[in-house]
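Notes for the one structure printed next.
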Amino acid sequence: MLCLIAVHPGAAAPPGQATLVGPSDILGGASQTFTWKSVSEATRYYLKVSDATNVTLDLEYTAEQAKCANGETLCFIALTATLAAGQGAWWVRAWNSDGLGPLSNGMIFRVYFSPPTWSQTLAAADRFQIIMQYAAVLDRETGLVWERVPSAETRTWLNARSNCINKNVGFRKGWRLPSIHEMESLVDTSIKTPGPLLPAGHPFVNVKSAIYWSASTYADMPTLAWGVPFDSPGGGPDSKANAHYVWCVRGAGPLDNY
């Protein structure tokens with residue numbers, strides 16, 4: 001007895017695997033756009049986002065909501081969510097009435113809060129970003145921009161202040177001597193070995209295990225100003241006539257003695 005099996009062209013099947021496009025780098029702020037290549041025959045997509053604290057968002061969108069229901073090449077979702085600072089990952093899975101497709105390969109990203117706040121405690125990999133043609137470093141804990149390579153010369157306090165005012169770093173002016181609080185924000189008191197007392201993995205170059213001037217005058221004696229040692233915790237005032245190292249900063253903040 002001969003049995004015939006009818007095969008119908010275009011038989012229904014679950015959709016294929018989605019291919020992610022981005023983000024795969026740095027994220028900032030509370031709104032992020034996730035983009036992937038549309039999958040043939042998919043009518044829904046499941047977006048999974050996991051942040052650095054393993055908080056996971058499992059979200060469902062129609063192809064219409066993802067702007068790829070009419071044969072568009074790319075799907076995208078603008079997601080408003082607060083993600084923890086650090087490394088995260090995301091995935092997409094396509095769906096239709098015949099079932100779920102395979103989970104996509106994951107894509108890694110890093111999250112930074114914007115604007116930075118002094119309440120954060122970030123690892124160096126998440127805290128510092130090299131900018132301005134590799135000449136400066138953005139500190140995402142404080143929002144300040146520092147010279148990547150501080151001056152190798154020592155100066156009196158007045159000369160240190162003038163040096164920063166006249167400085168041109170990364171083809172940008174607007175530099176100043178930092179306040180005592182800003183200067184000390186770079187000190188990592190957990191470092192127990194000989195300095196400089198900077199967070200492990202920092203991107204700065206040629207930082208000395210020595211005292212750097214701040215812009216803050218000592219209130220009880222105007223001939224003194226605060227200095228910050230990078231070879232031991234704690235700072236103190238010194239005569240403005242003495243010479244110490246200079247590290248200029250750029251960005252909003254207290255402009256002591258300017």
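What's the longest uninterrupted piece of the chain once you rule out the GluC sites (Glu not before Pro) that are loop residues per DSSP with at most 11 other Cβ within 10 Å?
154-258
Can you give me the Cα centroid spacing of region 213-256 and region 55-79 in angstrom?
53
Once a ≥ b ≥ c are taken as the square roots of the eigenvalues of the Cα gyration tensor of region 123-221, is the result rounded (a/c under 1.5), prolate (a/b larger than b/c) or oblate (a/b not larger than b/c)?
Oblate, because a/c is 1.5 or more while a/b does not exceed b/c.
For an R0 of 25 angstrom, estimate the FRET efficiency from the Cβ-Cβ distance between Ala81 and Ser24 and round to the nearest 0.05.
E between Ala81 and Ser24, to the nearest 0.05, is 0.90.
DSSP loop (so not H, G, I, E, B), at most 13 other Cβ within 10 Å: list which chymotrypsin sites (Phe, Trp or Tyr not before Pro) in region 130-213 pass both filters. Please report the intermediate quantities before stating the final value.
Numbers: sites: Tyr134, Trp146, Trp157, Phe171, Trp175, Phe204, Tyr212, Trp213; in loops: Tyr134, Phe171, Trp175, Phe204.
Here the chymotrypsin sites (Phe, Trp or Tyr not before Pro) that fit, given the DSSP loop and packing criteria, are Tyr134, Phe171.
What is the extension gain from Thr43 to Asn166, computed as 0.36 nm multiplied by their sequence separation minus the C-alpha to C-alpha distance, in nm to one decimal?
38.3 nm
What fraction of the DSSP beta bridges in the chain is antiparallel, stated in percent and rounded to the nearest 5? If you can, show how the numbers build up before the last one.
Values: 52 of 56 bridges.
That works out to approximately 95 percent antiparallel.
Can you give the net charge of the other residues whose Cβ lies under 14 Å from the Cβ of Gly236, counting K and R as +1 and D and E as -1?
Computed value for this residue: -3.
Which value in deg cm²/dmol, rounded to the nearest 500, describes the helix-derived mean residue ellipticity at 222 nm for the chain, given -39,500 (n - 2.57) per DSSP H run of n ≥ 4 and division by the residue count?
When only DSSP H runs of four or more count, the value is -1500 deg cm²/dmol.
Bear in mind that the values in this text are calculations on the coordinates, not laboratory data. Source: prediction; values computed, not measured. Positions of Cβ are generated from backbone atoms using ideal geometry, with glycine treated the same way; all protein chains shown enter the neighbour counts.
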